[in-house]
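The values are calculated or read from the model by the stated rules, or taken from the named source; none is laboratory data. Every value quoted in this text rests on a predicted model; they were computed, and no experiment measured them. FYI the Cβ positions are ideal-geometry reconstructions off the backbone, even for glycines, and counts take in every protein chain you see.
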Amino acid sequence: MLDSGRPPHALLVHGPGGIGKRRLALRLASAILCIDPRSGPCGACRSCHLLDAGSHPDFLRIEPAEGESAIPIGSVRDLIDRFTLAAERARVAVIAPAEAMNQAAANAFLKTLEEPAGRATFILASDAPGRLPATIRSRCRKMAAPAPPDAEALEWLETKTDPAIARHLLALSGGAPLAALELGQRHDKEALLALHAETAALLGGAADPIEVAGSWRKIGDGELVLSGLFAVLGDLVRRGAADPDRLHGAVDDVVETRRRWLEVPGLNEPLLYEGLALRCAGTAA
Ligand SMILES: [Zn+2]
């Protein structure tokens with residue numbers, strides 16, 4: 001695509017979270033803007049230096065503000081101001097995570113997509129492309145970015161974090177190496193190992209559900225507890241270690257709990273965990 005010298009007008013890089021889609025989008029942007037690209041940005045030309053310094057006039061990165069989850073319309077207006085004047089030189093905007101554009105921002109962006117000016121390239125990265133308006137999706141060339149093979153992800157992760165825990169981090173993150181690295185930075189090693197061990201014991205019928213629910217609560221991160229459950233359930237399914245119907249019932253239960261947990265603010269967490277732990281323990285019976 002880059003060798004042809006004609007990058008697409010809009011590219012949507014999609015795949016699971018925590019595997020490096022935004023990094024890929026930024027690297028593609030560098031390669032498109034690079035004056036002397038080979039198999040990627042040269043790293044030495046004026047354009048590459050300007051990008052490194054964060055002051056490239058033809059590059060724009062659009063993302064939610066620090067601590068915010070949505071991309072506001074103001075950011076898209078900047079893009080429109082800078083990208084609607086026709087220019088012969090290449091210009092690139094990276095929008096990540098693209099699904100974070102609110103309705104107004106998405107509508108404004110769609111107008112820019114419909115009326116391209118000059119050699120502009122928009123690179124969108126998304127974990128949840130289904131949440132983008134279909135009108136935006138249909139105007140982008142799609143590029144699927146799958147999670148790397150487990151062995152490759154593990155090899156990389158072991159160079160970045162304590163090798164003793166790398167495998168657990170990867171399992172807890174559904175095989176996404178960057179997510180695993182971030183997880184390891186947010187939580188201490190002992191707590192993560194205990195989560196994995198206790199959850200496995202619970203599903204094996206070897207732990208008291210009320211006690212396990214108590215230690216889940218102490219972790220203080222519902223998202224992590226639920227990913228821990230997913231990881232252990234996934235292991236059991238792969239090893240054929242329990243009755244498949246019961247296991248799949250437990251997976252559905254975790255999915256449903258997670259949905260409620262995300263949708264209902266101020267949910268009674270102790271009760272939620274206890275209910276889930278009791279039902280998961282029943283899976284093993
Ligand atoms: Zn360069």
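Every condition in (1) part of a loop (DSSP other than H, G, I, E, B); (2) at pLDDT 95 or above is met by Pro16 except one, and the failing one is (2). Pairs linking a residue in segment 119-142 that is farther than 21 Å from Leu60 by Cα to a residue that is among the hydrophobic types (A, V, I, L, M, F, W, C), with Cβ atoms under 6 Å and 6 or more positions apart or on different chains, are Pro133/Ala106; Thr135/Leu110. Residue count for segment 85-115 under the criterion of being at pLDDT below 95, within 29 Å of Asp36 (Cβ to Cβ), in contact with a strand residue (DSSP E or B) (Cβ under 9 Å, 6 or more places away or on another chain) and in a loop (DSSP other than H, G, I, E, B): the result is 2. From the list Gly214, Gly266, Gly249, Gly234, the one residue that fits, being among the small types (Gly, Ala, Ser), assigned to a helix (DSSP H, G or I) and at pLDDT below 80, is Gly234.
Does Arg46 satisfy the condition of being within 16 Å of the ligand (Cβ to nearest atom) and among the basic types (Lys, Arg)? Break it down stepwise before answering.
Values: within 16 Å of the ligand (Cβ to nearest atom): yes; among the basic types (Lys, Arg): yes.
Here the answer is yes, as Arg46 does meet what is asked.
Per-residue answers, yes or no, for (1) within 16 Å of the ligand (Cβ to nearest atom); (2) closer than 25 Å to Ile136 by Cβ; (3) in contact (Cβ under 8 Å) with a residue 12 or more places away in the chain:
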site	(1), (2), (3)
Pro8	no, yes, yes
Val13	no, yes, yes
Gly17	no, yes, yes
Arg22	no, yes, yes
Arg38	yes, no, no
Cys42	yes, no, no
Phe59	yes, yes, yes
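Among the conditions (1) loosely packed, with under 15 Cβ neighbours inside 10 Å; (2) modelled with pLDDT of 95 or more, the only one that Cys45 does not satisfy is (1).
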